[in-house]
Every structure is written in C-alpha cells, then in structure tokens.
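K.L.:
My structure is below; once you've seen it, I'll send some questions.
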Amino acid sequence: MFGKPSRTGRALQYLALAGYLIFLGFPLIWLLSTAFKPPRELVRLHPTLIPSDPTVQNFVQAFTEQELGRAALNSLQVSLASAVLTVLVAMPASYALARFRSKLGTAALGWVLLSQLFPFVLLIIPIFLVLRQVGLANTHAGLVLIYVVWALPFALWMLQGFVRNIPRELEEAASVDGASRVQVLRRVVFPLLAPGLVATALFSFISAWNEFFFALVLIKTPELATLPVALARFVGIEGTARLGPLAAGSLLATLPSLIFFAFMQRRLSSGSLAGAVKG
Amino acid sequence: MTTLAERPDVERAGPGRRPNRFRSDRTAIYLLLLPSLLPILVLSVFPLLRGIYLGFTDARAGRNVEVSFTGLANYRELLGDELFWNSFKIGLLWAVGVTVLQFLLALGLALLLNQQLRFRGVARVLAVVPWAMPPVVVGILWKLVYHPDAGLLNEFFHRIGADGLRTNWLGDFSTALPAVILVGVWAGMPQTTVVLLAGLQGVGRELHEAAAVDGASTWHRFRHVTLPALAPVIVAITSLDFIWNFNSFGLVYVLTAGGPGGKTMLPMLFAYEEAFRYGNYGYAAALGNVMVVLIIALLAVYLRRRLREAN
Amino acid sequence: MLRTRFRRLAAATAVAVVGLGALAACGDGGGDEATSGPVKLRFLSLAWQKESLQVNKDLVAKWNAEHPDIQVEYVQGDWNSVHDQLLTSFEGGDAPDIVHYEASSIGEFSKQGYLADLSGLVSGDLKGQIDQGVWDTATFDGKVAGVPFLLESQVVIANKKLLDAAGVAVPPADGGWTWDEFQGNAQKLTKPGQYGVAWALKSPTNRVLNLALNYDGKFFYTDGGRTEVRVGDAEKEIPKRIHDMIYTAKSASPEALGMSGADTLPGFFGGKYAMLPGSVSLRQQMVEQAPAGFEWVTLPPVKGLSAKQAANPQTLSVSEDSKHKKQAAQFLEYFLNPTNMAALAKGDWLVPTGRQANEELVKITAGKQGWDVAADSAADLTVAPFQQADGYPEWKTKYATPALQQYFANKITLDQLGTQLVDGGKQVLR
C-alpha cells in the first residue's frame, strides 16, 4: 500500500507484527500447554510451557463427562445458520440504508444503536418472555433468531459504511452501460462489499459460537445444549475450575472459529478495488 | 473499473447529487428493510420499551409483584447515589481507554496485515485468537496471567531478573484498572482489526499511486488518502466499540468482581447487581436510562463531528 | 421494468426471511408437560467435581430405575451463572422443579416467593437428622426454603514438613488452637521467603462475617423489628487479628489478599505459605494436585470465645411453580437419605448436615484425609444474623467488600472500617 519499504522498514514491520501476534496469540499456546498437563502440574509456583508429564486425560474427561461432541454440533448448526441469515438480512437492508436516506432508515439506525446501549441484563427477561410466547423457547431456531437480531446492529452499521464507500458513480456508470439494477447489485456492489460481508459473517458466526447466557436460559433440554454452556460446567465455586478439561475443551472450541476465519480471510482482500486492477 | 482512477474525487460525492431514479424506489426500500426490521421489532422494540418504562416504576423481582408508576422518584434517588456516579466515572475511563487503545492498536495491525508480508494468512488467523476463544476460559486465563505467585507476567519478570516489577496486578489499588483495561483491549482488538482491514480494501490503490506520483510522503498519503477513505468505517466501528465496551462487564466481573475497594466497579456491573442480585428492576432500569441518555449525548458530539468530516 | 425486477428481488429476500422465521415458529416449543404418563421432574444440579458429578448422576439413574412413575431429568448448571439462570427462569415461569444452590442465596428467592415452603413436605425423619441451627440458615420468614445438605466449614490446611521443622505440633481433631496460638504458630512458621499464613480474601465479607462468630461478632442486630449494622469490639476482633498478621507480625502474605481459596495453592505447594485457612473442600485439591511427597494435615477450626462459625450450606429447594411438589419432595428424601448424603459429601469433600450421614462418612473414610476434623467441625456450624438480614447482598457488595478490601490493604483504619460498615448499613437497611 505504501509502495516498497526499505529493508529496515520491512524488518521493523515484521518485528511489530511479531509483537502483535505474541500479545494476541499467546493464550492459544497456553491453552495447548494446559490441555496436556496433569492436575499436579497446574499449580506449580513456576509454571512451565512444556508439560513435563503430558497426558491426554483432559480430553478424555472433557468428552466423556460433558458430551462436548454433541454440544459442538449444536453450536455449529446454530452459528452457521446465524451467520448466513445475518448476511442475507443485513445486505439488502444496509444497501437501502446507505443509498436512500429516509427517515425510516435514520430511525432504524438510531434504534439499533439504542438497543445496543441499553443495559442488556434488563432486556433478557422480556426477550425470554417473547420467545416463550411464540413457542421458540428451548429451540435452536429461537437461539438463531436472537443471534441474528444481536448481530444486526453491527452488520447494519458496518455494511452501510461499506456501501457508502462504494462510489455511486460506479453504479451509475454500469447502469448507463445498460445493466439492470439487479445486475448492478450483483456485478458491482456485491464484489466490492465482499470484505464487509466477510467481516459480518465472521462476527455473526463467532458471537453465536461463543454466546453463553441465552443458550443457558433458553435451552433446557440437555441434548440441545451448546458448547459454551457445556464448557462452563467445568467451572466451580469462587473462581475455581477444573482447568485441565476446561483447557482441553476450550482449545477444541477455539479451532472452528479460527478455521472458519482461515477460509474467509482471503475474501477480505479479493474482490476489492485494488484486486480488480492489480492481479 | 478504471473510472475510479480517472475520478479521484468520487469519495466526496455529495448527497445533493442523487439521481432521481434512485429516489423513486420507496417500496423497494421498505422491502429491503423489512427482513431486518421485523425481527428487530419483535425482539428488541418490546423489550426495550418495557425496559425504559420500568425505569419510571418501582418494579422488583418477585412472584406476582405489583408494579406501580413512580415517575421521577428513581431519578431523584439516583442523583444522590454517590456510588453510582463514582462507578460511572470508572466506566467512562474504562470505555474511553479501551476504545482508544483498541482502535490505535487495531489500525496499526490492520495496516500491517494489509501489506504483502510473508505468513500473512497465518498472521491474520492468529490475530483473531482472542475473539475465537470461549469467553469462559478467557477470564480464567487472564487471572492466571496476573496471578501474584504463579502468574505468567510475574514469572516473566522473574525470569528476566526484574523481580522488582512483580506486582499483585489485580489486587493492587493502582494497577487493577489498567490491568483490566489491557484485557479489554486484548479481547476487543480482533473485531476492530478485521473491520478496519476490510475497510482498507475499499481504499483504492490507484489513489495512493496517484498521490505517490505527486511525491507525497507515506505519512502524507496515510493522512490524506487512507484515513479519509476509511472514515465512515472508523466512525462506525469506534462508536460501536465504545458502546460495547461501556456495556461489557463480564470479563471484569470474573477478574476482580469490581474490587479492590470498588476500583473496577463498572456502571453496567453496578446495574447488573442492582437488577439481578438485589432485584431492584425499577432502579436498575433508571440507571440504564440515565446511562443511555448520557452516552447518546457523548456519541452525538462525536458522530456529528466525524460524519461532517466524512461527508 | 428495471424497477419491477429490483422490487421483486427485494420482495423475495423479505419473503424468504420472514418465511424462515415462520418456519422456525412452527418448530416444537417443547416444555409443556404431557397430561398422562410419568411425572417428569427437572433437577438442576451444581455438582462439578468429577467424583460428585458421578455420584449425582448415579443416584438419579438409580431413582429413575426404581420409580418409573416419577422420572427425574438431570440438568447440570454451574455456580457462576446459576443465580442469573434461576432468576430468569423463575421470572419467565420456566424454572426447574428441584434446584441445587446455597443457603445464603436462596433467601432472596424465597422472599420473592419462588421457592416452596418445605416444612410440610419433608418427613420428620429428615428434619431430625439435621441440627436446628443449620435448618435456620435455610429458613426465611418462617418458611423452609431448602434442605441444607452439605456444609463447608473453615479449617486450616497445613504443610506438615514445615510444621515439623518449626517445632509446631499438630493439634488433635477435637482440640483446635485458639487464635492466639494460631497467630503465634504462624509467627514461628514465618521466615524470609516463607509466610506462616495465606489469607485468601478476594471475597472478604463472607469470610470475615463467618469467622466473626468466634468472638460473638454479629454485625446485624434487630431490635423491635428494626435491623441495623453495629460494629463493636466483638465485630472488630477478627478483622483486627487478620490485619495484625499481615502488617504487624508480617506472618501473613499481603499478596494473597486478592486471591480466592484455590489461588493460594501454587504458593502453598511451593512452600511459600505454611498454612491455609480455608474450606474443608480444599482437601480435594490436596489429594489431586499436591506434588509427590508433599505432606499435608487438616487442623481443626481456630477458636476464639468459641469455635462457632456461620454456616452457608448447599441446599436443595423445590420451585413454588412446580406442578409436582410432593413428588419432588419424595425425590429429595431419597436423594438425601444418610447413605446417599454421605456419598454426596464425600464426592465434594464437604461435611454432610445429617448426623447419621456424618457418622457413616467417618466410618467409610476411617477419619483419614482430614475427615475426622471435618466431621467434628460440623457441631460448630450455625446460623448468623447476617444470613437472615434483608439487605445483606446489597450491603455486602456496595459497602462491606470495598471497605474490608481497603482495610486489609491498609488504606483505612479499623475505626474507619467500622464507620463505613455502619453507614452502609444505614443506606441499605432504610
């Protein structure tokens, strides 16, 4: 982006990147190390990175006691549905919000912001009551609905920012060339919006994947429980926890989001204006 | 696609230049908005209106409890509630601190991840680790980082021979708030980074090249090309970050439960305790209403300036 | 033409999404009880340790096999979120039938009317097994909100080798140290790099108020229907002694202040702390996590004027909204019979409230691993006034905890602590 930096510049960039990655990524290493430690090694005065007596017991316990496998499948289902639905709903809405300034649109955006602002804890009980009314308590569909609504504020605010960034002239030029409105949307707007959509899908997926409280109160059938709820059961009284199984389970729970992102991250750059010009 | 290069001023296309055709699709707008508005209406308007209303009542937790309208009584009490205002100040410090640091660090990281560096894919994936980790383990992890006896941080100082820097991070009155702010920055950075990274894709390379030909310095190009183009995204993400940070308390609750001596008692934690622990729904909702108004006022100042700059 | 197509696209999206919602709405709402067939009870349990989890599940499975007409569904909750979960489901009218929680927290729910009064539902047999003082911890406004079943007494766990090295003898199970002896021994166990004691005081209020009974410190006094907080010499005794150990004798580590019980373990196992005053359940971590060759002993509770402590037992309650309270109580009787209660207590390393269960447990374990001390401590556990006070949770979070944290961090004096606690009481108990 800034042309070719000098060699020292490059080195500094790598150094900075390494700093960032250590700061952001070290917990993953810690999880990995903890997941393979037996209980006695978890309370050392001088903790070591590499387990001196590695074990897979934590994984065995995590899976036999809490049925993490089934919980993970439940979570996957809910999170994918939330991600897809959020994108489908937010894309047209954000386009409308950005391109046609209407009172309704402004009100909607304001409302969305307000809904994020009000103490969430006070909304839980009424939301719970509404979902019970419509028969969605204790279903995954109910969870998906909440997660989509939850992700929409972010999605709408983000995406309408991205739409605004797409020069209107591009669309006009295309429609002058005889493209229909739908074609304009598909060929011009959609590819330029792709990075924003990726961010939105990712946001929606991960928030659904990690959401705890609604999953806890809304789902009462144990077979329908999601992963965060199952993981929380390794936490005990007053901040104590069964660290081994918790770390093992958490490690496995972290991976799907990372893999999902690994696949999506490419789309963060392709389809952009830059990509269209330079191969 | 070359249109862009020929018209570097398109970003500043004013609202006044709207072609007529776009305006006539009113029905279409409503249809486009409907799918998102409907669930929002069902799941947020009712609960929200109810929540706001509760702030003017004496609602309490309980089976078949009578609720009566008390007007401004809650707010009169609230004005004199020193503990709340104290915690509101801490909340502002926390939210501003976390949001600003988060934004600056995330911007730096996004710029780096946008470069043609080696291992860029891996780096991008590692950068979202805090976001991907289950929240239940995040609090426990950071407690272990800050543990006074066997914590990773103190152990690090011990190994490099700087035992003098060892501190009881979460227990000390002066380090507790900065320590939890750092955790807040860590936890929220990936989101901001991803959004900014996505936003950077919309900044045309051509603009940069054009500017580079004009002999503009890197800083100059960043300041006058990248930042303005990124402005709408920055405004959106920083506002949302601020709101989220102001509203988040789960992590801090796990780390310090508001201690030591109330130094990390965030206002949302305060409201949460009021509602869920003491069962004072009415008063808690009143706290919520007041915070909403104050935060909106703050945001309005911020958004107005930014949006004006952006247009 | 263009416009119609555009509209059609928008309309299609709208319809698709609305349709999805509608489809979801058709999904099974579940939950509603069938009118015929066996009675179904949901049991929210908070067991989390491996062993106790197994005992809980086994007992439920056994019950279900023996009672085809009353089926219990085991649902596992967790201690961190159970309060919010319960409040939400109580308010939403969707609570489990049987709820596992603790005495100090069910008071609010009982007063709010969400918990059934068990006094008429449990048998005289079960009632007779448990001391009145312990029943009182779970009785609010004359209503029994839960059956107390597991007690967590405060004992002292010590590093045997360090005691031996300092020439400190281990007291017998029924003859604990006085506070003076305890402080003196802590002093003997203190040397460079080693503290006699680690006081884990992250949640100082419950800790201090529980122990305050040693010196008859009640904190909450009720006269003629009016409750107020008073802090006299009796109340000041425990905080003062702890403070002395940290700042005057320097026999207690200041670093442990922000820790919860389990946080002190690395230091304890590493020889940095010689003694840990804490819950009897810490013994489990000793067994599971102590390094090879580490010797630990359980010392009896420390005595002041008495060895009395406030008890905060774990409880089992029945929801007021449950349609099958009788059957739920039946299950409780079974679940808490002496043999089962002993098994549950063993699984969680806690003290059973039932007398017979306690005897059985000492028999099974032969009193080893501190079970003799644990069993003996049960007699000293009783109800304290703060447990019955209306505004206690609010007083604790808003005033007592910050004030105690400031005092233990040496930022305010003992008198200032007293003033803050009393003033807080005035704010809350209006």
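None of the figures in this text is laboratory data; all of them are computed from the coordinates on show. Because the structure is predicted, anything quoted here is derived from the model rather than measured. When we count neighbours, we look across all protein chains shown, and the Cβ atoms used for this are built from the backbone with ideal geometry, even at glycine.
K.L.:
How big is the protein assembly as shown on each of its three principal axes, counting only the C-alpha atoms and giving the largest first in Å?
P.N.:
Result, largest extent first: 95, 71, 55 Å.
K.L.:
Of A:Q66, A:Q160, A:Q13, which is the most mobile in a GNM of chain A whose springs link Cα atoms less than 10 angstrom apart?
P.N.:
Looking only at A:Q66, A:Q160, A:Q13, the largest GNM fluctuation is found for A:Q13.
K.L.:
Could you let me know the centre-to-centre spacing of segment C:172-232 and segment B:147-180, using Cα atoms, in angstrom?
P.N.:
28 Å
K.L.:
Within 10 Å of each Cβ in peptide A:255-263, how many partner chain Cβ atoms are there on average? Round it to a whole number, please.
P.N.:
Partner-chain Cβ atoms within 10 Å, mean over residues of A:255-263: 4.
K.L.:
Using DSSP H assignments, which helices in chain A have an axial alpha-carbon span of 30 Å or above and a mean Kyte-Doolittle hydropathy of 0.5 or higher?
P.N.:
Qualifying helices: A:7-35, A:68-99, A:140-165, A:243-264.
K.L.:
When the Karplus curve 6.51 cos²θ - 1.76 cosθ + 1.60 is applied with θ = phi - 60°, which whole-Hz ³J(HN,Hα) does each residue of segment C:183-188 get, with x for Gly and Pro?
P.N.:
In residue order, the calculated couplings are 5, x, 5, 4, 4, 4 Hz.
K.L.:
Restricting the count to DSSP beta bridges whose residues both fall in the protein assembly as shown, what percent are antiparallel, rounded to a multiple of 5?
P.N.:
Counting DSSP beta bridges with both partners in the protein assembly as shown, the antiparallel share is about 65 percent.
K.L.:
Please give every one of the aspartates and glutamates within straight-line cross-link reach of A:K103, meaning a C-alpha to C-alpha distance under 19 Å, and leave out same-chain neighbours fewer than 8 residues apart.
P.N.:
Correct list for A:K103: B:D25.
K.L.:
While we're on this one: Express the C-alpha Rg of segment A:16-157 as a ratio against the empirical globular expectation 2.2 N^0.38 Å, rounded to two decimals.
P.N.:
1.52
K.L.:
If you don't mind, another one. Which whole-angstrom value gives the distance between the alpha carbon centres of segment C:62-129 and segment B:257-286?
P.N.:
26 Å
K.L.:
Could you tell me the ratio Rg/Rh of segment A:57-277? Both radii from Cα atoms, Rh via Kirkwood.
P.N.:
We get a ratio of 1.05 for segment A:57-277.
K.L.:
Sorting C:K346, C:K161 on the 10 Å Cβ count, fewest up front, what's the list?
P.N.:
Ranking C:K346, C:K161 by Cβ neighbours within 10 Å, fewest first, gives C:K161, C:K346.
K.L.:
So which residue, out of A:S250, A:S204, A:S79, gets the largest mean-square fluctuation from a GNM of chain A using Cα contacts under 10 Å as springs?
P.N.:
A:S250
K.L.:
Mind giving me the nanometre distance, one decimal, between the label points for A:F190 and A:A16, set 7 Å out from Cα along Cα→Cβ?
P.N.:
3.7 nm
K.L.:
Further question on the same structure: Give me the aspartates and glutamates in straight-line cross-link reach of C:K111: C-alpha distance below 16 Å, same-chain residues under 8 apart excluded.
P.N.:
Those aspartates and glutamates meeting the cut-off are B:E66, C:E91, C:E102, C:D136, C:D141, C:E320, C:D321, C:D390, C:E394.
K.L.:
Still on this model: Among the listed pairs C:K236/C:K272; B:K143/C:K303; C:K50/C:K303; C:K240/C:K272; B:K263/C:K191; B:K263/C:K50, which are separated by more than 31 Å between their Cα atoms?
P.N.:
The answer is B:K143/C:K303; C:K50/C:K303; B:K263/C:K191; B:K263/C:K50.
K.L.:
Kindly flag which residue pairs out of C:K160/C:K368; C:K308/C:K368; A:K220/C:K62 have an alpha-carbon separation exceeding 18 Å in this structure.
P.N.:
C:K308/C:K368; A:K220/C:K62
K.L.:
Okay, next question. Just want the ordering: C:I412, A:I29, from fewest to most Cβ atoms lying within 10 Å of their own Cβ.
P.N.:
Going from sparsest to densest Cβ surroundings: A:I29, C:I412.
K.L.:
Where is the GNM fluctuation largest for chain B (alpha-carbon springs, 10 angstrom cutoff): B:L109, B:L152, B:L41?
P.N.:
Top of the fluctuation ranking is B:L41.
K.L.:
Kyte-Doolittle cut-off -1.0, length cut-off 24 Å along the helix's own axis using Cα: show which whole DSSP H helices in chain B pass.
P.N.:
Going by DSSP H runs, the hits are B:82-113, B:176-200, B:227-247, B:281-310.
K.L.:
Which whole-angstrom value gives the distance between the alpha carbon centres of segment C:345-409 and segment A:192-233?
P.N.:
38 Å
K.L.:
Per the Kirkwood definition applied to all pairs of different Cα atoms, how many angstroms is the hydrodynamic radius of chain C?
P.N.:
It is 23.7 Å.
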